[in-house]
Amino acid sequence: QVQLVESGGGLVQAGGSVRLSCARSGRIFSGYAMGWFRQAPGKEREFVAGIRWSFGNTNYADSVKGRFTISRDNAKNTVYLQMNSLKPEDTAVYYCAASSLGKYYSGSRYDYDYWGQGTQVTVSS
């Protein structure tokens, strides 16, 4: 089974930065993609960023474009989400996810097969 282990969440002041990490283990089809989603209280889970593993193609939600950066380290099987200029509305549980079909460009959570447990990011005003 594919396992995703997240780290890096916590409390941060508005305007600050946080980097989330997600380490993948287990077997998965070649050509897969990794992504980040988030879910705030009372809201639906929403797409944040995706990356094509082999070549590093990326896709971002409009709400985070220019502030967040998704990247990966092939040797470590780890994907990162660098979050800068954080706003209170960024407060959410952040989930790491993997798409076995490589749909890094998709904003739909239904295109992702594997999920981490989530990590809380709280941005204070």
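Close amide H contacts of Lys103 (hydrogens built in the peptide plane, cut-off under 5 Å, sequence separation of 5 or more or a different chain): Ala33.
Highest first, please rank the peptides 81-88, 95-102 by the mean number of other Cβ atoms sitting within 10 Å of their residues. Provide the component values of the computation, followed by the final result.
Values: 81-88: 17.5, 95-102: 21.6.
Taking the mean over residues of other Cβ atoms within 10 Å, the ranking is 95-102, 81-88.
Computed over protein heavy atoms with a 1.4 Å probe, the accessible surface of the range 1-78 works out to 56 Å² per residue.
Counting only protein heavy atoms and a 1.4 Å probe, tell me what percentage of the chain's accessible area is made up of carbon and sulfur. Write down the numbers at each step before the final one.
On the way: 2920 of 6560 Å².
Percent of accessible area from carbon and sulfur atoms in the chain: 45.
Placing a label point 7 Å from the Cα of Ala40 along the Cα-to-Cβ direction, the residues of the range 90-118 with a backbone N closer than 14 Å are 90-94.
If each residue of separation counts as 0.36 nm, what is the full-extension length gain between Ser25 and Gln120 once their alpha-carbon separation is subtracted? Numbers along the way, then the final one.
Numbers: separation 95, 0.36 × 95 = 34.20 nm, distance 2.17 nm.
Additional length available on full extension: 32.0 nm.
Cα centroid separation, the range 1-65 to the range 88-124: 5 Å. Distant-in-sequence amide contacts of Thr91, defined by a placed amide H-H separation under 5 Å and a gap of 5 or more residues or a different chain, comprise Val123.
Extension gain Leu101-Val5, at 0.36 nm per residue separation less the Cα-Cα distance, in nm?
Values: separation 96, 0.36 × 96 = 34.56 nm, distance 2.03 nm.
Extending this stretch completely gives an extra 32.5 nm.
Expressed in nm to one decimal, what extension gain is obtained for the pair Ser85 and Ala14 from 0.36 nm per residue of sequence separation less their Cα-Cα distance? Could you put the intermediate results ahead of the total?
On the way: separation 71, 0.36 × 71 = 25.56 nm, distance 0.70 nm.
Net length gain for the segment: 24.9 nm.
Summed over all non-identical Cα pairs, the Kirkwood treatment of the chain gives a radius of 14.2 Å. Each peptide in 108-115, 49-56 gets a packing score, the mean of other Cβ atoms within 10 Å over its residues, and the list from highest to lowest is 49-56, 108-115.
DSSP beta bridges fully contained in the chain are about 90 percent antiparallel.
The values are calculated or read from the model by the stated rules, or taken from the named source; none is laboratory data. Computed from a predicted structure; not experimentally measured. With ideal geometry, Cβ positions are generated from the backbone for all residues, glycine too; neighbour counts draw on all protein chains shown. Side chains are part of the model used for accessible areas, which takes the heavy atoms of the whole protein and leaves out ligands, DNA and RNA. Shrake-Rupley method; radii C 1.70, N 1.55, O 1.52, S 1.80 Å.
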